[in-house]
1. Restrict the check to region 287-310 and report whether at least one residue is closer than 28 Å to LEU177 by Cα, open to solvent by less than 10 Å² (accessible area, probe 1.4 Å) and in contact with a Cys (Cβ under 6 Å, 6 or more places away or on another chain).
2. Only one residue in ASN344, ASN366 is buried (at least 19 other Cβ atoms within 10 Å of the Cβ) and modelled with pLDDT of 95 or more, so which one is that?
3. Give the residue, chosen from TRP109, TRP93, that is of a type outside the set (S, T, N, Q) and either touching a strand residue (DSSP E or B) at 6+ places or on another chain (Cβ under 9 Å) or closer than 20 Å to LEU248 by Cα (or both).
4. Could you count how many residues in region 85-108 are open to solvent by less than 10 Å² (accessible area, probe 1.4 Å) and either over 22 Å from ASP287 (Cα atoms) or free of Cβ contacts under 8 Å to residues at least 12 places away in the same chain (or both)?
5. Of everything in region 430-445, what is open to solvent by less than 10 Å² (accessible area, probe 1.4 Å) and among the aromatic types (Phe, Trp, Tyr)? Give them in sequence order.
6. For region 211-233, check the following and say yes or no: at least one residue is touching an Asp or Glu at 6+ places or on another chain (Cβ under 6 Å), open to solvent by 40 Å² or more (accessible area, probe 1.4 Å) and at pLDDT below 95.
7. Of everything in region 109-120, what is over 16 Å from SER87 (Cα atoms) and surrounded by 20 or more Cβ atoms within 10 Å (Cβ to Cβ)? Give them in sequence order.
8. Go through GLU413, GLU377 for me and flag whichever is under 14 Å from TRP432 (Cα atoms) and of a type in the set (Asp, Glu).
Amino acid sequence: MACNIDQFLEQNTPKNEPLRGKYMKSFGYHSLMRRMPTVFSEITGLLKAKQFNLANKEEINNVIDKLELLLSEILNNNPLRKIDSTSTLSLMWNQILEKKFNSDSVVTWFETEWLFTENYLYIRLKEIFEKTKTLQNYDPFKQLKYNAFDESETTMIAIAEFLIFQFSKKELDNTSLKALFIQMLKICLWGNRFDLSLNIGKSKNITEDPLEAIVSLDKYILADHSDDIWNTLNVSIDKNPKKIDLILDNSAYELFTEMCLADFFVTYGFAEVVVFHGKSIPWYVSDVTKPDFEHFLNRLEKQCTSSALQKIGNRWNNYYTAGKFVIECEEFWTLPHCYSAMANEDSELYKKLTTSQLLIFKGDLNYRKLIGDINWEPSTTFKDALCRFQPTAVVALRTLKCDCVCGLNSDYETKIDENDKDNNYLNSTNYWQVNGKYAVVHLSK
């Protein structure tokens with residue numbers, strides 16, 4: 001299968017333009033043309049393994065056929081269509097699609113903004129399963145997320161033992177408290193390297209010592225506002241209750257690191273409540289849904305053999321029961337909007353976020369939506385790239401996995417050259433933007 005490439009361009013995405021699959025040197029093109037077949041192959045493989053139940057074997061085969069048709073649509077650059085479903089989320093999507101069809105002369109997989117089409121893929125996947133009798137609530141990525149937990153258990157044990165020891169200490173002085181915060185923030189940042197939507201089908205056993213790793217990885221952080229975030233946390237804000245919101249990305253190890261950071265906020269009085277925002281349906285392979293969140297907590301406490309993970313799982317389950325940890329899965333996060341549109345498209349959610357002391361956005365997709373998925377000049381400030389999205393102080397923790405980035409210092413190229421002078425892939429002009437090796441810690445307030 002191959003799409004008509006007459007309208008494709010052998011170039012990177014132009015500066016200050018949104019990413020599109022038609023630019024053949026962009027990660028959008030690579031994602032649609034190379035990664036999507038791997039995603040579909042993994043889903044069909046898991047479905048075939050599920051055929052032990054003969055009663056739904058025919059239905060599974062029908063789903064596999066529809067998945068192959070959807071992949072063919074993508075690779076042949078077909079026009080997008082409305083979602084054939086009456087679910088609330090699908091109806092919202094259809095309103096957006098109607099506007100898109102009216103405003104754009106061409107709405108195809110590679111011509112339309114990559115952010116739009118990549119989001120659209122996952123609502124189309126949901127449509128396929130919704131139309132079945134036995135798989136309506138099936139999460140095609142669930143086993144992959146469970147496997148990712150297994151592959152990171154050793155590292156989670158090390159962090160849990162460290163936290164339990166830290167939390168057993170008496171009150172920390174401000175210098176020690178700041179040092180612990182920076183450690184938790186960096187552990188949370190680098191947890192974003194392990195993204196199943198980018199590494200699907202590849203084992204990612206995480207065995208490094210996380211506390212040593214975050215020190216060695218500092219040289220790969222191209223923008224670091226950690227000190228400013230700490231200072232923002234320490235400013236007294238008249239918001240009751242004291243609340244911090246964490247907009248989630250991946251499940252398994254990354255979710256673990258986010259709960260560690262949330263525990264820090266609760267334990268040391270920076271927040272009475274931490275609200276985690278997940279996805280309302282299976283999304284981007286490994287993104288956290290409410291069932292993922294609850295299964296994760298229960299697995300830590302009741303299924304792990306490690307006493308440290310059992311203890312930390314019990315602690316976090318108690319937080320969840322007491323309302324100190326809250327999970328909300330608003331529909332907005334599974335729509336194709338950039339966050340600068342939130343005030344108009346979902347004013348209720350925007351207003352809710354204004355009551356937070358700090359919004360922490362994790363990962364690549366959230367970052368892309370924060371800055372409009374535009375190929376900014378890297379020197380563009382994070383605040384400018386947010387395009388007036390500022391319900392409260394906004395933090396982005398992201399390892400770089402696609403072309404768009406902002407807020408970098410003028411010496412970023414020197415830093416990259418210094419880090420990678422002995423590597424043989426420097427001939428790729430944007431390799432550092434897509435390989436997950438580099439990261440940013442941004443703040444706008």
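1. No: region 287-310 contains no residue that is closer than 28 Å to LEU177 by Cα, open to solvent by less than 10 Å² (accessible area, probe 1.4 Å) and in contact with a Cys (Cβ under 6 Å, 6 or more places away or on another chain).
2. Every option except ASN366 fails the conditions.
3. Testing whether each residue is of a type outside the set (S, T, N, Q) and either touching a strand residue (DSSP E or B) at 6+ places or on another chain (Cβ under 9 Å) or closer than 20 Å to LEU248 by Cα (or both) leaves just TRP109.
4. 1
5. Within region 430-445, just TYR438 meets the criteria.
6. Scanning region 211-233 turns up no residue that is touching an Asp or Glu at 6+ places or on another chain (Cβ under 6 Å), open to solvent by 40 Å² or more (accessible area, probe 1.4 Å) and at pLDDT below 95.
7. Within region 109-120, TRP109, PHE110, THR112, GLU113, TRP114, LEU115, PHE116, THR117, GLU118, ASN119 meet the criteria.
8. Numbers: GLU377 fails: under 14 Å from TRP432 (Cα atoms).
Going through GLU413, GLU377 in turn, just one is under 14 Å from TRP432 (Cα atoms) and of a type in the set (Asp, Glu): GLU413.
The values are calculated or read from the model by the stated rules, or taken from the named source; none is laboratory data. Note that this is a predicted model, so its numbers are computed, not measured. Virtual Cβ from ideal backbone geometry, glycine too; neighbours counted across all protein chains shown. For accessibility, only protein heavy atoms count, side chains too; no ligands or nucleic acids. Shrake-Rupley method; radii C 1.70, N 1.55, O 1.52, S 1.80 Å.
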